[in-house]
1. Taking segment 148-158 as the region of interest, how many residues are open to solvent by less than 20 Å² (accessible area, probe 1.4 Å), under 23 Å from Arg215 (Cβ atoms) and touching a Phe, Trp or Tyr at 6+ places or on another chain (Cβ under 6 Å)?
2. For Leu278, only one of the following conditions fails: (1) aliphatic (A, V, I, L, M); (2) at pLDDT below 90; (3) part of a strand (DSSP E or B). What is its number?
3. Could you list, in sequence order, all residues of segment 5-41 that are open to solvent by less than 60 Å² (accessible area, probe 1.4 Å) and of a type in the set (A, V, I, L, M)?
4. Within segment 122-149, work out how many residues are in a helix (DSSP H, G or I) and in contact (Cβ under 8 Å) with a residue 24 or more places away in the chain.
5. Show the residue pairs that are 6+ apart or on different chains and have beta-carbon atoms under 8 Å apart, the first residue being within segment 274-294 and at positive phi, the second being surrounded by fewer than 23 Cβ atoms within 10 Å (Cβ to Cβ).
6. Please find, among Glu68, Glu44, the residue that is at pLDDT below 95 and not basic (Lys, Arg).
7. Taking only pairs six or more apart or across chains, which ones have beta-carbon atoms under 7 Å, a first residue in segment 252-272 that is touching a residue at least 60 places away in the same chain (Cβ under 8 Å), and a second residue that is assigned to a loop (DSSP other than H, G, I, E, B) and of a type in the set (Phe, Trp, Tyr)?
8. What single numbered condition from (1) more than 27 Å from Glu328 (Cβ to Cβ); (2) at pLDDT 95 or above fails to hold for Glu132?
Amino acid sequence: MKKMLIIKDIKNWFWVTFPNWTTPVSLDVEHIIHFFEKTGYQVELTSYKEFDFSKNYSGYVVLYTSAEDYCGGSKDFMEDVLVHLMNQGAVLLPEFKYFRAHHNKVMMEILRDEFKEEKLRTIHSQVWSSYEQLKEASFTQYPIIVKRAGGAGGTGVFLAHDEKELYKYAEKVSRMTNLLQFYYLSCRNIRRRLRRREQFLIHNSKFLTQNYIPRLDGDYKVLVFGTHYFVLHRLNRKDDFRASGSGAFTHEEDDKIDMILDFAKLCTQEIKAPWLSLDICHDGTACHLIEFQCITFGFKAMSLSEHHYVQKDGRWEIVEGRVVPEEEFCYGVQCYLEMRG
């Protein structure tokens, strides 16, 4: 019999959907269990805090969740559990590398560098291990985007117009995430400087810089579940270059929608995962992949959409009506497993 393991997070949640614009709720795990039991799976449910390390999960299909954790505690433990499962021979959905890229823009850009399709690599990034490493480099073209590795909703993202701003924002995003430790070591460094001793690194939180795409009024949030594509146009914040975190979504279609969908499908051919969240922009000439996530991303573009898209005979068709988030989640898994054979 086929076996499946579902792992809830530390708070006993499993992913997040939205019945309205402001209220997050966990996906209904019982709905997901019932779906896969009907398709012949023996499904077991656990959580990271209840995980049984003594059991052998070889051959299990594992559906799991992640968390955004700035100090690294709970997500670090999740990583321990997932590595343990991989070592036993379990099949993680999505692959472990995509868990590493969840709210980790440095890992995301490392994965982008491996893409074979050049159209998905028009955003050029440099990853940095520390502020000191960046200061040893030289930059000739501005403006430059500076991004903290972690964070969502546009937090920790800045636009540097010159070297002064670049150093200011890089110093900010590279500070140790533990502020108490940051300030403690800053004080210790004063003494070490007076004694002419090597100082502690306090700006060693990884971050990245990347090229800026000008004259954008927003981007497109595209969610992909199997062959179903959900799209919301997201406007920039007022007097800002960032669309992420603006909350200014619109369902209005425009003449770029087919190009956005074609580009999103190109992304799915490169990024192999049951579900996919894409931030795509169009500069008037070409599409650009800003960011992507494959696990525990927001469902607003799907759960609040009045329709979605499917491609038939090379043309994009609209399927009217709202969907059940849990059904779409399971459909994404089903399509992925069929594709893997």
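The values are calculated or read from the model by the stated rules, or taken from the named source; none is laboratory data. No experiment lies behind these values; they were computed from the predicted model shown. Positions of Cβ are backbone-derived with ideal geometry, glycine not excepted, and every protein chain shown enters the neighbour counts. Areas reflect the complete protein model, heavy atoms only, side chains present, ligands, DNA and RNA absent. Shrake-Rupley method; radii C 1.70, N 1.55, O 1.52, S 1.80 Å.
1. Matching residues across segment 148-158 total 0.
2. (2)
3. Result: Leu5, Ile6, Ile7, Val16, Val25, Leu27, Val29, Ile32, Ile33.
4. Restricting attention to segment 122-149, the residues satisfying the condition of being in a helix (DSSP H, G or I) are 131-135.
Narrowing further to those that are in contact (Cβ under 8 Å) with a residue 24 or more places away in the chain: 131-132, 134-135.
Total meeting the criteria: 4.
5. So the pair list comes out as Gly284/Arg215.
6. Numbers: Glu44 fails: at pLDDT below 95.
Just a single option satisfies the conditions, and that option is Glu68.
7. Glu270/Phe115
8. (2)
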